[in-house]
1. Return the residues of region 21-31 that are under 21 Å from residue 130 (Cα atoms), of a type outside the set (S, T, N, Q) and at pLDDT 95 or above; say none if nothing qualifies.
2. Is it true that residue 149 is buried (at least 21 other Cβ atoms within 10 Å of the Cβ) and either at pLDDT below 95 or part of a helix (DSSP H, G or I) (or both)?
3. Out of (1) touching a Leu at 6+ places or on another chain (Cβ under 9 Å); (2) at pLDDT 95 or above, the odd one out for residue 103 is which?
4. I'm checking my understanding of the structure. Among residues of region 156-193 that are among the aliphatic types (A, V, I, L, M) and in a loop (DSSP other than H, G, I, E, B), which one is nearest to the chain's Cα centre (by Cα)?
5. Exactly one of these conditions fails for residue 91: (1) farther than 25 Å from residue 158 by Cβ; (2) surrounded by fewer than 18 Cβ atoms within 10 Å (Cβ to Cβ); (3) of a type outside the set (Gly, Ala, Ser). Give me its number.
6. Looking at 104, 70, 39 in this structure, which one is surrounded by 14 or more Cβ atoms within 10 Å (Cβ to Cβ) and either touching a Phe, Trp or Tyr at 6+ places or on another chain (Cβ under 6 Å) or assigned to a loop (DSSP other than H, G, I, E, B) (or both)?
7. Just to check your reading of the model, which residue among 143, 129 is acidic (Asp, Glu) and either outside the structural domain of residue 78 (by TED's automatic domain parsing) or under 29 Å from residue 32 (Cα atoms) (or both)?
Amino acid sequence: MSAPPDDRRRAPPDDGGWVRRASRYLFRSGWYNLRQDELTLPTGEEITYTLVEHPGYAMVVPLLDDGRVLMERVYRHTLQAVALECPSGGLDGDPPDVAARRELEEETGRRAGRLDHLGMFHGSSGISDEHYHLFLARDLTHDGRMAREPTEQMELVEVPLDELRRAVLAGEVTDGPSALGILLASERLRPQG
């Protein structure tokens, strides 16, 4: 199993010459915070910048032994639509690989015998510090216990990885992190040579 980098050991932030003069929270919740900073740019211009602080999440591409991927058709209130996504969920203070295993089990009832880290990414760096870790899960067993939250209105579907890759490239998988996870998993599994 390849371990993800420990988020606590990141290099100190490069402030780009931006100076934060003041900061206040407009909203706080258990999922994210909305913060407003008073900044001075390198040019001397003073601005107000509003951003979302987010603790991050983990997403899993669960590969079945026959080459199909266990996906979720999940209702997303923000979109007012059903989206095709990979299992995912908040880090909740856990290391990314622990969160990935937890979310896979809670949402699908499966456990991963092997979990490979595919990378850490930022989803919308212009407005948020949110980051997510992508994992490829293999050697799945069906001995886990599902424990979905009330908002996790979903149906599990099994789709061949090659078919998913084509759907991503055709723009038919619109969830960005899921699309990236599928492409990275496809690349990871491609025969070398």
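The values are calculated or read from the model by the stated rules, or taken from the named source; none is laboratory data. Not measured: the values here are computed from a predicted model. For neighbour counting, all protein chains shown are included, and Cβ atoms are generated from backbone atoms with ideal geometry for every residue, glycine included.
1. 24, 25, 26, 27, 28
2. Values: buried (at least 21 other Cβ atoms within 10 Å of the Cβ): no; either at pLDDT below 95 or part of a helix (DSSP H, G or I) (or both): yes.
Answer is no for this residue.
3. Among (1) touching a Leu at 6+ places or on another chain (Cβ under 9 Å); (2) at pLDDT 95 or above, residue 103 violates only (1).
4. As a first pass, look at region 156-193 and keep what is among the aliphatic types (A, V, I, L, M): 156-157, 159, 161, 164, 167-170, 173, 179-180, 182-185, 189.
Of the ones still in play, those that are also in a loop (DSSP other than H, G, I, E, B) are 170, 173.
Numbers: 170: 21, 173: 15 Å.
Among those that are among the aliphatic types (A, V, I, L, M) and in a loop (DSSP other than H, G, I, E, B), it is 173.
5. (2)
6. Details: 104 fails: either touching a Phe, Trp or Tyr at 6+ places or on another chain (Cβ under 6 Å) or assigned to a loop (DSSP other than H, G, I, E, B) (or both); 70 fails: either touching a Phe, Trp or Tyr at 6+ places or on another chain (Cβ under 6 Å) or assigned to a loop (DSSP other than H, G, I, E, B) (or both).
Checking each option against the conditions leaves just 39.
7. After ruling out the rest, the residue left standing is 129.
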